[in-house]
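Undergrad: Have a look at this one.
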Amino acid sequence: MVRTPDGIFDVAIVGYGPTGATLAKLLGMQGLAVAVLEREPGLLRLPRAVHFDGEVMRIFETAGIAGALAPRVRPSGGMRYVNAAGEVMIERKPAGEPGPHGWVNNYLFHQPDLELTLRDAVAQHPRVQVFTQREVTAVSQDAQGVVLATDAGPVTARWAVGCDGARSLVRQAIGADHHDLGLHQPWLVVDVVLKRPVELPHPTVQYCHPGRPVTYVNVTGARRRWEIMLMPGDVAEEMTRPEAVWRLLAPWLGPDDATLERGAVYTFHSLLATRWRDRRLLIGGDAAHQTPPFLGQGMCAGIRDAANLAWKLARVAAGRSGEALLDTYQSEREPHARAFIAEAVRLGGILQTTDPAVAAARDRRFRETGREEMVNLSPRLGSGAHAGPPPAGEIFPQPLLADGRRLDAAIGGYRFAVLAPRARHAELAPLCAANAVALVDFATERLVLLRPDRYVAGVADSAAALERLLQAAGGDS
Ligand SMILES: Cc1cc2nc3c(=O)[nH]c(=O)nc-3n(C[C@H](O)[C@H](O)[C@H](O)COP(=O)(O)OP(=O)(O)OC[C@H]3O[C@@H](n4cnc5c(N)ncnc54)[C@H](O)[C@@H]3O)c2cc1C
C-alpha cells in the first residue's frame with residue numbers, strides 16, 4: 001500500500017491529464033501530500049486541445065510555468081467562420097497586444113508540450129507522488145477518508161478528485177447523471193506535420209460548408225490540424241485510413257507536403273455532470289463537463305476547475321474552513337462552464353449546418369446583420385465563496401502596477417490578496433499578516449479582496465469588513 005509517512009495522502013487525484021496535473025501543481029505549491037494515479041505509462045498521444053485563452057495562461061503564470069511555456073506556444077492568428085462562398089460570418093481577431101489578463105487573449109499550442117511542462121513543474125514538489133500505470137478500479141469512502149483500489153493495491157486519502165476524463169469512474173462513484181445541452185456529433189480529427197512550406201491560412205478557419213463542415217488550425221511550428229465532420233453514411237474505421245484522410249485533405253495539401261501524424265474519430269458532446277461532489281469525492285475537467293471544441297474551451301474549463309478547487313481543498317485540509325466550502329466549487333463553476341458550452345453549441349449550430357436551404361438562410365442572415373465579432377467570454381461565477389454585487393464573483397484583470405510590476409507578481413503566488421492604496425497599509429497589515437494574505441499597493445477607492453484564483457471575493461471599506469469578507473470567502477463565517 002502507498003502511504004505518506006504520517007498515514008494517508010491529503011488528496012488523491014485520479015488521472016494525470018491537464019486538469020489533474022494543474023491541480024497536483026497547485027496543491028503541491030500549498031504543501032499538501034498528494035498522490036496522482038494515472039492508468040497510462042506516458043502522455044496520451046491522441047490529437048486534442050490546440051487552444052487556450054489568456055485567463056488560462058494567467059493560471060499557468062500563478063502555477064509558475066508561464067516562463068517555460070511561453071516559448072512553446074504562440075499567439076493565435078484569430079478565427080473565422082466562413083460560408084461556402086468564402087464570406088466571413090463570425091470573426092475572432094488575431095491575438096495582438098496583451099489583454100485584460102496581462103497575456104494575449106488566445107494561444108495555440110501542442111497539448112503534449114503543455115502536459116510535459118506541467119509534469120516537470122509537479123516534479124518540484126516532493127510531497128506530490130505520481131504513480132503511472134496505476135489504474136483505479138474501484139472507489140469507496142467513509143467518514144475518515146477515501147480508498148482507491150488499484151491494480152497495485154489500495155491508496156488511501158482524505159479526499160479524492162476524479163480528473164479521469166469523459167468516462168470518469170469517480171463520477172460514477174459520486175452517482176452523478178448528466179445535463180445534456182443537446183450536441184453530439186462525430187468528427188474526424190487529423191494532425192499533420194509539414195515537410196515543406198505550403199500556403200495555408202494563418203487564422204483558424206471554420207469552413208461552414210453544408211457539404212462537409214471542416215475546421216482548420218495552424219497549430220505551432222510545422223503542425224497543422226484538420227477536424228472534419230462525419231456525414232451520414234461515413235464509417236469511422238474507414239475515415240481514419242490514410243488514403244481516406246488524404247482524399248479529404250486534398251483541397252489543402254497531399255502526402256508530398258506533410259506527414260500524417262494521427263487521425264482519430266471523436267464524438268463531440270455537450271454535457272455537464274449533475275453532481276460534482278459527494279462528501280470526500282469530487283470531479284473536475286472532462287469528468288465534470290464536456291464541450292464541443294468550437295471555442296477551444298474544454299481543457300480551459302478543467303484548468304479553471306483546478307484553480308477554483310485547489311485553494312478550497314487546502315483550506316479544508318488544514319482545518320481553516322468547514323467542508324461546506326467544497327460545495328461552492330460546483331455552485332461557482334457549473335454555471336461558468338455552462339456558459340461556454342452553450343456558446344460552443346450555438347457555434348456548432350452554425351458550423352454543422354448540412355441542409356443547403358438552412359445554410360442559405362443562415363448566410364442571408366449574416367449578410368443582413370453583418371459580421372459577428374467573437375470576444376472571449378468572462379462570465380461571473382455562480383453563488384459561492386464571494387459576497388456582494390459585482391465585481392464580487394468576477395475575475396480581476398491583471399494590470400501593470402505603478403511600480404511597473406505585474407499584479408500577479410506583486411501578489412506572489414497562489415494566495416489571497418488585498419488591494420489597497422499605500423496610505424491604508426499600516427491599518428491592514430496585521431490582518432493580512434495573520435491570514436497570510438498579500439497586501440498590494442493599488443490605486444483603488446474601496447478595498448478589494450482577491451482569492452487565490454484571482455476572482456474577486458468582495459469589496460470592503462474597513463479592516464473589520466474586510467475580515468468578515470475573508471471569513472465568508474474562506475467558508476468559516
Ligand atoms: C478534437 C479535440 C479538440 C479539442 N480542442 C480543444 C482546444 O482547442 N482547447 C481546449 O481547451 N480543449 C480542447 N479539447 C478538450 C480537451 O482536450 C479536454 O477537455 C482535456 O484534455 C481534458 O483534460 P482532463 O485532464 O480533464 O481529462 P483527460 O485529458 O481525458 O485526462 C484524463 C486522464 O485520466 C486517466 N484515467 C482515466 N480513468 C482512469 C482510472 N480509472 N485510473 C487512472 N487513470 C485514469 C486517463 O488515462 C487520462 O490520462 C479538445 C478535445 C478534442 C477531442
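The values are calculated or read from the model by the stated rules, or taken from the named source; none is laboratory data. These numbers come from a predicted model, not from an experiment. Ideal geometry is used to build each Cβ from the backbone, glycine not excepted, and the neighbour counts take in all protein chains shown.
Undergrad: Restricting to segment 14-55, name every residue that is under 21 Å from Asp151 (Cβ atoms), more than 8 Å from the ligand (Cβ to nearest atom) and assigned to a helix (DSSP H, G or I).
TA: Within segment 14-55, just Ala24 meets the criteria.
Undergrad: Does Arg158 count as out of contact with any helix residue (DSSP H, G or I) (no Cβ under 6 Å at 6 or more places or on another chain), of a type in the set (D, E, K, R) and over 13 Å from Leu282 (Cβ atoms)?
TA: no
Undergrad: Evaluate the following for Asp151: is it more than 22 Å from Arg80 (Cα to Cα), of a type in the set (D, E, K, R) and modelled with pLDDT under 95?
TA: yes
Undergrad: Would you confirm whether or not segment 270-290 contains a residue that is of a type outside the set (A, V, I, L, M), closer than 18 Å to Asp191 by Cα and touching an Asp or Glu at 6+ places or on another chain (Cβ under 9 Å)? Break it down stepwise before answering.
TA: Let us first name the residues in segment 270-290 that are of a type outside the set (A, V, I, L, M), namely 270, 274-280, 284-286, 289-290.
When the remaining residues are screened for being closer than 18 Å to Asp191 by Cα, the result is none.
No: segment 270-290 contains no residue that is of a type outside the set (A, V, I, L, M), closer than 18 Å to Asp191 by Cα and touching an Asp or Glu at 6+ places or on another chain (Cβ under 9 Å).
Undergrad: Look through segment 269-289, keep the residues that are surrounded by fewer than 24 Cβ atoms within 10 Å (Cβ to Cβ) and under 27 Å from Gly78 (Cβ atoms), and return whichever of them is farthest from the ligand (Cβ to nearest atom).
TA: Top of the filtered list is Ser270.
Undergrad: For Ala70, which of the numbered conditions (1) assigned to a helix (DSSP H, G or I); (2) surrounded by fewer than 20 Cβ atoms within 10 Å (Cβ to Cβ); (3) in contact (Cβ under 8 Å) with a residue 12 or more places away in the chain fails to hold?
TA: Condition (3) is where Ala70 drops out.
Rundown of residues vs (1) at pLDDT 95 or above; (2) in the same structural domain as Asp151 (by TED's automatic domain parsing); (3) of a type in the set (Val, Ile, Thr); (4) touching a helix residue (DSSP H, G or I) at 6+ places or on another chain (Cβ under 7 Å), yes/no style:
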position	(1), (2), (3), (4)
Arg3	no, no, no, no
Gly15	yes, yes, no, no
Ala21	yes, yes, no, yes
Leu27	yes, yes, no, yes
Gly31	yes, yes, no, no
Arg39	yes, yes, no, no
Gly42	no, yes, no, no
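Undergrad: Exactly one of these conditions fails for Gly233: (1) surrounded by 21 or more Cβ atoms within 10 Å (Cβ to Cβ); (2) away from the ligand (no atom under 13 Å from the Cβ); (3) at positive phi. Give me its number.
TA: Of (1) surrounded by 21 or more Cβ atoms within 10 Å (Cβ to Cβ); (2) away from the ligand (no atom under 13 Å from the Cβ); (3) at positive phi, only one is false for Gly233: (1).
Undergrad: On to the next question. Checking the condition small (Gly, Ala, Ser), within 18 Å of Leu470 (Cβ to Cβ) and outside any loop (DSSP other than H, G, I, E, B), which residue from Ala360, Ala306, Ala324 passes? If you could, list the steps in order and put the result at the bottom.
TA: Values: Ala360 fails: within 18 Å of Leu470 (Cβ to Cβ); Ala306 fails: within 18 Å of Leu470 (Cβ to Cβ).
On inspection, the qualifying residue turns out to be Ala324.
Undergrad: What's the number of the condition Ala166 fails, among (1) among the hydrophobic types (A, V, I, L, M, F, W, C); (2) buried (at least 17 other Cβ atoms within 10 Å of the Cβ); (3) under 30 Å from Gln141 (Cβ atoms)?
TA: With (1) among the hydrophobic types (A, V, I, L, M, F, W, C); (2) buried (at least 17 other Cβ atoms within 10 Å of the Cβ); (3) under 30 Å from Gln141 (Cβ atoms) applied to Ala166, the lone miss is (2).
Undergrad: If I ask for residues that are in contact with a Gly (Cβ under 7 Å, 6 or more places away or on another chain) and within 13 Å of Trp187 (Cβ to Cβ), which ones from segment 204-240 would you list?
TA: Residue satisfying the conditions is Thr240 alone.
Undergrad: Additional query: Among the listed residues Ile65, Ile59, Ile90, which satisfies the condition of being touching a Ser or Thr at 6+ places or on another chain (Cβ under 8 Å), among the aliphatic types (A, V, I, L, M) and either away from the ligand (no atom under 15 Å from the Cβ) or at pLDDT below 95 (or both)? I'd like the intermediate steps shown before the answer.
TA: Numbers: Ile59 fails: either away from the ligand (no atom under 15 Å from the Cβ) or at pLDDT below 95 (or both); Ile90 fails: touching a Ser or Thr at 6+ places or on another chain (Cβ under 8 Å).
Exactly one of Ile65, Ile59, Ile90 is touching a Ser or Thr at 6+ places or on another chain (Cβ under 8 Å), among the aliphatic types (A, V, I, L, M) and either away from the ligand (no atom under 15 Å from the Cβ) or at pLDDT below 95 (or both), namely Ile65.
Undergrad: Of all residues in segment 327-366, how many are farther than 24 Å from Ala472 by Cβ and not aliphatic (A, V, I, L, M)?
TA: Total meeting the criteria: 16.
Undergrad: Give me the residue from segment 167-182 that is assigned to a loop (DSSP other than H, G, I, E, B) and among the charged types (D, E, K, R) and, out of that set, nearest to Tyr329 (Cα to Cα).
TA: Ranking the candidates gives Asp177 first.
Undergrad: Going through segment 297-326 one residue at a time, which ones are β-branched (Val, Ile, Thr) and either more than 16 Å from the ligand (Cβ to nearest atom) or more than 17 Å from the chain's Cα centre (by Cα) (or both)?
TA: Matches in segment 297-326: Val316 only.
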